[in-house]
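Heads up: the structure comes next, in structure tokens.
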Amino acid sequence: MGIKIDDFIKENRKEFETDRPSSKLWDRIEEQLDKKEQKKTINLQMWIGIASSFIILMSIAFIYLYPQEKKVVNLADVNPVYAKKQLRFAGLIEEKRDSLQIFAKSNPKLYDKFNADLQKLELTYNALKKELPGSPNQQLVVKAMVKNLEIQLQVVSQQLMIINQVSQYKKENSI
């Protein structure tokens, strides 16, 4: 039996020794390569999607579960002297504004101009108030707030004086 196989191999040696594999073999190899590439990209995309979804969910949970606390800073805690000044100035400003509103009926244009000036100062005061909790130098911010109120008081006082002068001028010229 061994002799028959040896003879068969010797006779058909050329058919066994081919340089190239069959075309069917290459087709199968290409198909499997294509399948492997697709699986890797799908898995990579899937894992990236899962990771990004997890990060987004954790971020949203962190934002809602741990809201940042807004610090409320009392002026009296920073500087008690300036806190007293702030209260005094705020009260005087409110009184003088009430007096200005009385004259608003007789001089509405003038009152609107005065009110616009005061609103600008109030916006600056409110911006300083918002800045106070996060400021590294709270003393300086409190001083600026009190200075703003002092300027508001001066402006309101000057506005009252101007309105009184205008009213007095109108009375003198009407006679």
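Here, each number is a calculation from the coordinates, and none is a lab measurement. Owing to the predicted nature of the structure, the values given are computational and were not obtained by experimental measurement. Every residue, glycine among them, receives a Cβ derived from its backbone with ideal geometry; neighbour counts consider all protein chains shown.
Among the trypsin sites (Lys or Arg not before Pro) within the range 66-175, which fall in a DSSP loop and have no more than 13 other Cβ atoms within 10 Å of their own Cβ?
Values: sites: Lys70, Lys71, Lys84, Lys85, Arg88, Lys96, Arg97, Lys105, Lys109, Lys113, Lys120, Lys129, Lys130, Lys143, Lys147, Lys170, Lys171; in loops: Lys70, Lys71, Lys105.
For trypsin sites (Lys or Arg not before Pro) across the range 66-175 that sit outside H, G, I, E and B with at most 13 neighbouring Cβ atoms in 10 Å, the list reads Lys70, Lys71, Lys105.
Just to check, using Stokes-Einstein with a Kirkwood Rh over alpha carbon pairs, what's the diffusion coefficient of the range 61-175 at 10 °C and 1.306 mPa s in µm²/s?
Numbers: Rh = 16.4 Å.
Rounded to a whole number, D works out at 97 µm²/s.
Does a label point 7 Å from the Cα of Asp77, set along Cα-to-beta-carbon, have any residues of the range 136-175 with amide nitrogen under 19 Å, and which are they?
136-146
How many nm separate the modelled label positions at Phe62 and Leu123, each set 7 Å beyond the Cα in the direction of the Cβ?
3.5 nm
Fully extended, how many nm does the chain gain between Leu87 and Lys143 (0.36 nm per residue separation, minus their Cα-Cα distance)? Could you put the intermediate results ahead of the total?
Values: separation 56, 0.36 × 56 = 20.16 nm, distance 1.34 nm.
Taking Leu87 through Lys143 to full extension adds about 18.8 nm, to one decimal.
Could you check the spin-label model distance between Gln45 and Ile162? Points 7 Å from the Cα along Cα→Cβ, value in nm.
Between Gln45 and Ile162, the simple spin-label model gives 6.9 nm.
Using the count of nearby Cβ atoms within 10 Å as a rough guide to exposure, how do Tyr125, Tyr64 rank from fewest to most?
Final ranking by Cβ density, sparse to dense: Tyr64, Tyr125.
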